[in-house]
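What follows is calculated from the coordinates using simple rules that are stated; it is not laboratory data. Here the structure is a predicted model, which means the values were calculated and not measured. Here the Cβ is made from the backbone with ideal geometry for all residues, glycine too, and neighbour counts use every protein chain on show.
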């Protein structure tokens, strides 16, 4: 009656292969479960990191814009540009959303249209996947040195615009024959600070025996998960890439089917009419350019500043550059609720002016409270007050992480997973919010422009940190 | 040793549900197999369509731009705009790709930033899914009347900017409680003619008994598949929506795993540096504006023209509007090859200036041959000459379809599926091309900006037409 053939199983006929790798999630799960590594012992990590900290000593000093070398405000536009025309620029953006407490605004924004590579090389040692992490200094990190992916390269980096040293291990990410991609996806970065920026997030497995350079170490996902519980150790790029790991293990059930979830997301993207137009930096209203900073007139959001970096072991020895410096510590949290015994997080379809496509899924709460302190309680963002005043007993995960230290200065946020129950948040949350499982986020994050960078940090924590709501226990 | 729990099967605990619906592909397959419908008999369809043709008689007349009502060339930019500020505008675009035979060009382009709804309502009759299709006149269709989705509405339509009649059945697509979404995704439209246009493609199932208005009919996928074999019956919007149907039935094998395919696609999107900047229409170089058309200086590609439409049964009685009129019949083809007994199509990662994100997967060949006739053979697009001179015995599907008749005038293309073997195209095709299965395209088309509108037409044909390479036979 029907031509439908049930899926055929068994080995694939030559030269075909299985469309999905059923064993891979098991291999990731084994690495999550490995609290100890075959290479660098967990107890030796702090000493190793401290050694790298000494070896890479740098100084970061705020300077006036006039002291930037190679950077200047373009005469016709006021944009802050590098004389090479590469790296990035600071320009203006005019955003109109027609909704919410701020339906229209202008702001400075970083424009960097090139696609960088954020790649982690993985390899099995003693039957367990290990991740090659790099101790990397970035001028904007509050503690300067954090663990970055194996490769963290802008196109300028690897096309050698700044004539620096070679990027180590880059060939594993640019030559498909050198390894096997386990994840490879273009993901957005901060839509409030970057105009349509995306980077290629890659996890590549190798069977070769790559050399181990001194700033690098092999760690299991279990070891990295433990480091994710500490403040400011695992950098943003690492968290973003780790979020893309196909960890699997999810239940086949959820409050909403995958098709329902996609339909809700499509409706959210359709109902917002966002217009974001680049404008000259000189034309941006509500911001003031001084000798040392471009400030928001009311002192909210962020400022643009300049720094001088003197370093020994980076691709180039020293340099100057602009950075974006946010005001105040951010609060970034997923509310988590067990529904039918399966943990769900409350995702928020967030508009950010710099997104390529209107909205992406963000955490339940992603704000800097100070930016909203002037508003009466009823006008503050949903769930913000709830999160800020959460009972400590309900906080299942908490750590301070910082955003990309190559562009943002001391951009720190408290990342939280907070348990709620049916008396606090219903199954039918306010418009723009939806309960989703970790497995569903994991499926969406295989594709670009669904899960924003802050939600990816929390997804990495959900996947790598053995918190009580992991679906696999 | 590992915390991984094998996927649990069985009924989902309340209030959860299965993330995927295993029965749905079977229901679609049954509809594909149903050559006869429970409502409108196949033999009665031509008479029904002819009746609609008579009832909706319209006349379309070319007019000079000066005779457009409500439309004019804006003084400062030369853009062709409507006085309401809605509908769409014709502006200019400056595209720089830095590659190929034409690394940089300027062109007129349609800008319509709002998201429209293309929705097909489905319902089971006698246990078989039927699709509610509409006989709809569009001024640009060569035969004026074609089968459109149940709802084909711009935001202007349903917010009543042109004060027309209500859009029938719209509530099923705007009120989630009225039906169940089987597919719901934002898909791109023509990247060569539209600037970053996307529409919401929806398939919604209802259990209600909606009234049947006279321009509508219920058809099975088998009946629609038969109509897809005919020239200019099923309109572009219908084909685009049908391509999103979760028909299932694919094999679990392919030449490349899904992750490999995503990795290849990510690399393709990363390696192209496309810059597409809107410019005033008056500044577009290489095009000439006359009284009745904006023409390409060498007479290639397309022209912008204006028409007067006098109609009886559309949302408004008559109107004038600009249209894009391409030069010559296009050729749009997938090469198809059985690999390990599973049919694969040769997808092309295509750059189009109007795409939101650089490249999408298009057919193997998607060109108007006349645009390349002036080039020496070695400089013509890959596979174009092969397709144009294909042995008729190898053509497994061929029909002429037209593109959206509300924006494009007589924009026809020959759509082809052409069988090849290992002596003609290898498993390792040229850069920018990749062998993928229908099942893989079906998975990608659940998400936006992967599969372009021409590839979606061919995907609809692969899914609904019982050609010999359907994976389910």
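Which log10 I(q)/I(0) values, to two decimals, does the range A:246-320 give at q = 0.14, 0.15, 0.18, 0.26 Å⁻¹ under the Debye formula with one point per Cα?
Result of the Debye calculation: -0.82, -0.82, -0.86, -1.20.
Which three extents, in whole angstrom, do the alpha-carbon atoms of the range B:220-365 cover along their principal axes, largest first?
57, 43, 25
Using 0.36 nm per residue of separation minus the Cα-Cα distance, give me the extension gain between residue A:177 and residue A:410 in nm, one decimal.
Length difference between fully extended and current span is 80.0 nm.
For the protein assembly as shown, what are Rg and Dmax over the alpha carbons, in angstrom?
My reading of the Cα-based Rg and Dmax gives 28.1, 85 Å.
Rounded to the nearest 0.05, what FRET efficiency do residue B:208 and residue B:59 give with R0 = 35 Å and r taken as the Cβ-Cβ distance? Could you check?
FRET efficiency, residue B:208 to residue B:59: 0.40.
In nm, what does the list of distances from residue B:64 to its counterparts in the other copies look like, shortest first, when each label sits 7 Å along Cα to Cβ?
Reported distances to equivalent positions: 6.3 nm.
Over the alpha carbons of the range A:308-368, what is the largest minus smallest coordinate on each principal axis, giving the biggest first in Å?
Per principal axis, max minus min of the Cα coordinates gives 56, 27, 23 Å.
Taking the range B:348-409 as the region of interest, what is the percent of Cα-Cα pairs per 10 angstrom bin, listed from the shortest bin to the one with the maximum distance?
Percent of Cα pairs in each bin: 16, 39, 39, 6.
At a Förster radius of 45 Å, what calculated FRET efficiency corresponds to the Cβ-Cβ distance of residue B:166 and residue B:391, to the nearest 0.05?
Calculated value: 0.30.
Can you list the equivalent-ellipsoid semi-axes of the range B:1-135, largest first and in whole Å, using the square root of 5 times each Cα gyration tensor eigenvalue?
46, 32, 16
Check the axis relating chain B to chain A and name the residue of B whose C-beta is nearest, distance in whole Å.
In residue-and-Å form, the answer is B:447, 3.
Per the Kirkwood treatment, what hydrodynamic radius in Å, one decimal, follows for the range A:183-306 from the mean inverse distance over all distinct Cα pairs?
Computed over the range A:183-306, the radius equals 19.7 Å.
Can you compute the radius of gyration and Dmax for the range B:80-122, using only the Cα atoms, both in Å?
15.8, 46
For the range A:334-452, which semi-axes, largest first and in whole Å, follow from the square roots of 5 times the eigenvalues of its Cα gyration tensor?
In descending order, the three semi-axes are 22, 20, 16 Å.
Could you give, in nm with one decimal, how far residue B:86 is from each other copy of that position, shortest first, with labels 7 Å out from Cα toward Cβ?
4.9
Along the Cα→Cβ direction, 7 angstrom out, place labels at residue B:72 and residue A:318. What is the inter-label distance in nm?
6.3
When only Cα pairs under 8 Å and 6 or more residues apart are kept, what is the percent relative contact order across chain B?
Relative contact order, chain B: 21 percent.
For the range B:201-263, just the Cα atoms, rotate onto the principal axes and tell me the three extents in Å, largest first.
48, 32, 19
Measuring from a point 7 Å out along Cα→Cβ, what nm distances, shortest first, does residue B:338 have to its partners in the other copies?
5.4
Average the reciprocal distances over every distinct pair of alpha-carbons in the range A:379-446, invert the result, and give the Kirkwood radius in Å.
14.7
Tell me, B:372, B:172 in order of fewest to most beta-carbon neighbours within 10 Å?
If I rank by nearby Cβ atoms, fewest first, I get B:372, B:172.
Kirkwood Rh and Cα-based Rg: tell me the resulting Rg over Rh for chain B, rounded to two decimals.
Over the Cα atoms of chain B, Rg/Rh equals 0.96.
In whole Å and largest first, what semi-axes does the C-alpha gyration tensor of the range A:110-255 yield when each eigenvalue is scaled by 5 and square-rooted?
They are 23, 20, 17 Å, listed largest first.
Using a cut-off of under 13 Å, list every residue of the range A:277-304 whose amide N is near the label point 7 Å from the Cα of residue A:104 along the Cα-to-beta-carbon line.
A:277, A:285
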